[in-house]
Every structure is written in structure tokens, then in C-alpha cells.
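The values are calculated or read from the model by the stated rules, or taken from the named source; none is laboratory data. Note that the structure is a prediction, hence the values are computed from the model and not measured. Because the Cβ atoms are built from the backbone with ideal geometry, glycine has one as well, and the counts that use them run over all protein chains shown. Ligands, DNA and RNA are stripped out before the accessible areas are found, and what is left, the full protein with its side chains, is counted by its heavy atoms. Shrake-Rupley method; radii C 1.70, N 1.55, O 1.52, S 1.80 Å.
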Amino acid sequence: MKEQRLLADYLRSNWFFYVLAVLSIAATNIIQSYYPKVLGSFTDTLQEGGITESVIARYSLILLAIGICYGTLGGLGQYTVMRLGRIFEFSTRKKLFRHFTTLSEGYYSKHGIGEPLSYVMNDVTSVRESISQGINQTTNAIILILSAIVMMSLSSIPLYLIGICILPLLFIPWIVVSFGPKIRDRSRIVQESLAKMTESAEEQFGGIRVTKKFAVEDIMRGRFGETVDRIRDNQLKLVRLSSLFQAILPFMGALSLIITIAFGGYLTIQGSITLGNFVSLTLYVRMIVNPLQQIGNVINTMQRSRASLERVNSLLGVRPDIVESEQAKPLNQPSAGIRIEGLTFAYPDSSKPALRDISLNVPPGKTLGIIGKTGSGKTTLVKPLLRIYDPPAGTIRIGGEDIRDVSLESLRTQIAYVPQDGFLFSTTIRDNIAFSDRDIAMEPVEKAARQAQIYDNILEFPDKFETKLGERGITLSGGQRQRTSLARGFIKNASVLILDDSVSAVDAVTETKIIENLRLGRKEKTTIIIAHRISALKHADEIVVLDEGRIVQRGTHRQLLSEDGIYATLYAIQEEGTRYAEGK
């Protein structure tokens, strides 16, 4: 079946070790099936009065040998199966994470963080349990039942008596067919509920500081409680169904045991079978009852894991929206200009273009400034440039190459993008700055920190560059986080640097120093600065003004000030705000 692909591939690649484990477990149960026969024979010898010290020693050694072989082979088989299950779990989690890194931004805009976490944690664990428990317990159950039946047939026990005793077992296939799909469907609902709970928990923990500042803990507890209550209800429905299923199978076994004791005991009294045969028959039927419980557990586990396996394989079947062409070539240019011609772009779920007929030319070594009101399309322009979303063919070229014809890795390696709210990892400041090259020497890290005007702040920390940041850089202030992200962009020394409102959280003096460092350090490279504050981009070689996805003005700072347009209006408003702040 299609949904078994992931599991089948793993089993196929490790078939030798699984065969070894199954053979060990099978041998264990075959050896175990001799136990009732030996006790039955010992009982007949005891009844006949033939017990001597040598007989006791012989039977004791036989039982000891059975125990040693059972423990050794059983332990080897179970260890092998459990070990292979853990390897599957670890390798699948790595495979899922690799797959997550290939998915496009569109996937993450539709799915919260909790859903990927649920795949990695809950679903993979469920499948692993099906491998470990399923193979172990299924082999145990099947071989033990068959061995018991065969050994009963070889123990002078009448076949009609054996048939009557195991008659209730014939109802097992019908029970499995009836309960299996219901358990699988209910398990799928539970896993989906767990994914929503994980997503809710991640959101609540991430926003705990906001929750406390607004004193809305009760509201958040209630919201999370509703999610947990839904999981509880779905889990209880699954538990009721699973419990009923697991109760019926042992009941069939218990019914067989009752028949054995009643009918077998009657035949023993009548002299139709020996006391040893009765003892053996009772132990064999009791031996069959335990595997019935295992069968119930296996089917329960397999149905739950099948739902998880379907989810994981469905995820692995998701393909990124952005894919390289088969003829993709590397883009490797130390300096590269950007040319955009007639770019019209709309987001996948929108029919209204976010950008309309955009044409730009930024030669190597030049700086382009982009400004506009909120929602004018400034950040949207960056996304096709990075191929987060695909632009129409031929509309964007870097270094003369259509970006759709070059490999994604080489394209994004050639571009350093610094967003307004750069994500910082829970590691050291040094590692955050040197994110693109963890093995880089310390000197470039310090240089980038100086360019971003964060160097002096770092030296004030007790551990300096080895200071560990909290989650998402919470240890730093907003301005410090932004400048640390800037340093990360500077150290990459890419052909193209894009600053997306990346100095909005710094004061005017610091901003001036950063811009001056930027001008001196990137004389031969291309720079794009997106900003709300004109002071951050008035030095640019060209400035474009966006409004509702169109370029409505373009020119230098002086040229745009001389025009009666959006740029001059924004400049006047910002200058008035600056004078007001200074007056205060």
C-alpha cells in the first residue's frame, strides 16, 4: 500500500537484521512450546510412581536448558528489534527535518509550528512503536500459537478435543476486521488534535511575556484548556474503543480455557486421556491466551501507527513551490548587478497583483533605496528576488542571469538579506553573527560587529562574544537585536546586500554611522535599502517610491525633494517630527 512506503523502505534496507530478530524470537517460542509437554510427561511419570532422583535431575536439566535458550534467544531478538526501531525513529526525524528545510515559505504560512513538531515527535514515535512492538509481539503470538497447536497434536491429545478448545479463536478475524478501521480513524483524529495542542502551546509560550504584561493569563489558560479538553474527549473515545477491542480477544482465550478445563477434565476422569495430557492441554491453551492479548496490542498499535504513517508520508509527499530547473547552473560572481524588467507579481492565494510593472536597474557597486507607505509592496519586492516566490521568467536578472535558471543555493548565497526583525538563535552572539560560516575566524566577526555598531555593547557583557542569548535573542534590546542581525548580513560579504528596514530600531546617530560604514565597506557591491525613514537612504544612487505596488517616483534624494509627490511629503512629515522631538 502507498502509505506503507516509508516503513517498507526501511524494513527492506534492514531485512537481514529483521530476519535474524524474527528467527531468534521464533526459536524462542518453539523452545517454549516444549515446556507443557515436558511437564505433562513429568506428571504421567509421577502418577505412575516412576519418580527417582535421576528422573528429577533429568527433567530439571531439560527445564533449565529451555529457560536458558528462551532467555538468550528472546533477549537477542527483542534487543535487535528495539534497536532497529530506535534507529528508524532517529533517521526519520532527520529525514523530516531535511524535508522541512526544502519546503517553501507558502507551506509555513499555512501551517503553524505545532504541526511540524507533532509530525517529528508524536507521529514518528507512534510508527516506531509499531515496528518494535509489532514485529516482536506478532512473531511471538503467531509462532507460539502454531507451536502450541503442533505440540498438542504430537502429545497424544485427541484432535477433536484440540479443535473444540481452540474454536473461540476462529472469531478473531471478524473482530479484527470490525475494529481495525475504527481504531485507525479515531487515532488519526487524536494525532491531529495533538498537533493543534502543540501549536497552541508553542504560541502561548512564545507570547508569555505579552500575556503577563496585559494580565490576560485567565484568557490564555481558558483558550489552551479548550484545546486540551478536545484532545481529552478524542483520547477517551479512542481508549473506550481500544479497551473494548483488547477485552474481547482475551475473552475468547479465556473461553477456550474454560472449555479445556471442563471438557478436558471430564475426559480425564473418564480415562479417555491421561492426567499428563490434561496438564499439557491446559498449559497449551493457557499459552495461547497470552498471545491473544499480544495480538490485541499489536492491532491497536498498528492501527494507530498507520494513521501516523499516513500523515508522515503525506507530509513527505508535499513538494516545495519553488524548484530548480534541471539545467540550473551556479551563480558565482563577486559583484553582480540587478535588473528587473516588467515585473508583475501576485501571491499564490491572491488574484490582485502586489507588484505591477516594476522595472529597475542596479549596477554593481550602486545603492538602491526603496521607500513607500505601509503596504506599498516594499518587502514584497524582495521575495521574488530571493525566489521565496517565483517571479515570471525573464523578469529578474542578477549578473545577467535569469534567477530562475540558477541554483537556489548559489542565488541565496550571493544575497545577504537582513529583515527588520531578524531571528536570533539561542546560542552565543558570535555564533549568531557568524551564522553563514561557523568556522570563520574571530577577526571578521569583530569587524562586522564594528560595522553594525554593536561591538561596544558586546564588550559590556561579562562573556562578550560568547554571551549566550535567550530564546529569539530576548537577552538583547530591540536595537541590539537589530544590529546583531546587521552584523550577520555584513559578515557574509555577499554580492547583493538587502536591508529591509533594518535600522528602524536604532537612534539617528547610530544609524548615520552604520550607513557610513555601509558606504565604505561595499563600494564594489550592490546594495538595496528598504526603509520608512528617509535618513537611511538619502545617500542612495537612486531612490524609488512605491505606492500600491507601482513605482510612482524615482530619482536621487535631491531630485525627489524638488518634486511635489509622496517622497517630499514623507520628508516634510519626518523633519517636522524630528524638530518636535528635539524641541521636547
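How much of the pair distance distribution for segment 457-509 lies past 15 Å, counting alpha-carbon pairs only, in percent?
55 percent
Identify, among Leu411, Thr268, Gln235, the residue whose Cα sits farthest towards the positive end of the charge dipole of the chain, taking +1 on the Cβ of Lys and Arg and -1 on the Cβ of Asp and Glu, with the dipole about the Cα centre.
Final value for the positive-end residue is Thr268.
How large is the charge dipole for the chain, taken about the Cα centre, if only the Cβ atoms of Lys, Arg (+1) and Asp, Glu (-1) carry charge, to the nearest 20 debye?
Roughly 380 debye, rounded to the nearest 20.
Taking every pair of distinct Cα atoms and averaging 1/r, then inverting, what Kirkwood hydrodynamic radius in Å comes out for segment 1-132?
18.7 Å
Which percent, nearest 5, of DSSP beta bridges in the chain are antiparallel?
DSSP beta bridges in the chain are roughly 45 percent antiparallel.
Quickly estimate the mean residue ellipticity at 222 nm for the chain, helices only: each DSSP H run with n ≥ 4 gives -39500 (n - 2.57), and the total goes over all residues, rounded to 500.
-20500 deg cm²/dmol
In what order, largest first, do Thr282, Thr102 sit by accessible area if the probe radius is 1.4 Å?
Sorted descending by solvent-accessible area, the residues read Thr102, Thr282.
Using a probe radius of 1.4 Å on heavy atoms only, what accessible surface per residue do you get for the chain? Whole Å² is fine.
About 51 Å² of surface per residue is accessible.
Working from Cα positions, state the angle (0 to 90°, nearest 10) between the long axis of helix 508-521 and the longest principal axis of the chain.
Orientation of helix 508-521: about 90 degrees from the principal axis.
Computed on alpha carbon atoms, what radius of gyration and Dmax characterise segment 104-148, expressed in Å?
So, for segment 104-148, Rg and Dmax equal 18.3, 58 Å respectively.
Roughly what angle does helix 34-47 make with the longest principal axis of the chain, taking Cα atoms, 0 to 90 degrees, to the nearest 10?
The answer is roughly 20 degrees.
Evaluate 2.2 N^0.38 Å with N set to the residue count of segment 221-277, then give the Cα radius of gyration divided by it.
The value comes to 2.26.
Hey, how much of the P(r) for segment 356-471 falls beyond 24 Å, as a percent of Cα pairs?
44 percent
Using Cα positions and a limit of under 17 Å, work out the aspartates and glutamates in reach of Lys182, with same-chain residues fewer than 8 apart set aside.
The qualifying aspartates and glutamates are Glu192, Asp233, Glu310.
Antiparallel DSSP bridges in segment 491-580: what percent, to the nearest 5?
Looking only at bridges with both residues in segment 491-580, the antiparallel portion is about 50 percent.
Could you state the orientation-averaged shadow area of the convex hull built on the Cα atoms of the chain, in nm² to one decimal?
Mean orientational projected area (the chain, Cα hull): 38.3 nm².
Give the ranking of Cys69, Cys165 by solvent-accessible surface, highest area first, calculated with a 1.4 Å probe.
I get Cys69, Cys165, largest accessible area first.
Can you tell me the orientation of helix 217-259 relative to the chain, as the angle in degrees between its alpha-carbon axis and the longest Cα principal axis, to the nearest 10?
20 degrees
Quick one: which of Lys366/Lys513; Lys492/Lys513; Lys329/Lys352 span more than 22 angstrom between C-alpha atoms?
Correct reply: Lys329/Lys352.
Per 10 Å bin, what percent of the C-alpha pairs of segment 429-584 does each bin hold, from zero upward?
Over segment 429-584, the share of Cα pairs per 10 Å bin runs 10, 36, 31, 18, 6, 0 percent.
If you roll a 1.4 Å probe over the chain with all protein chains in place, what percent of the accessible area is carbon or sulfur?
58 percent
Within 10 Å, count the other beta carbons around each residue, average over each peptide in 51-57, 451-457, and list them highest first.
451-457, 51-57
Compute the distance in nm between two label points, each set 7 Å from the Cα along the Cα-to-Cβ direction, one at Asp456 and one at Gln235.
My value for the distance between the label points is 5.5 nm.
So how long is each side of segment 300-372 along the principal axes, counting just the alpha-carbon atoms, biggest first, in Å?
65, 34, 23
Test of understanding: what is the full-extension gain from Asn290 to Ala262, defined as 0.36 nm times their sequence separation minus their Cα-Cα distance?
Taking 0.36 nm per residue and subtracting the Cα distance, the gain is 8.1 nm.
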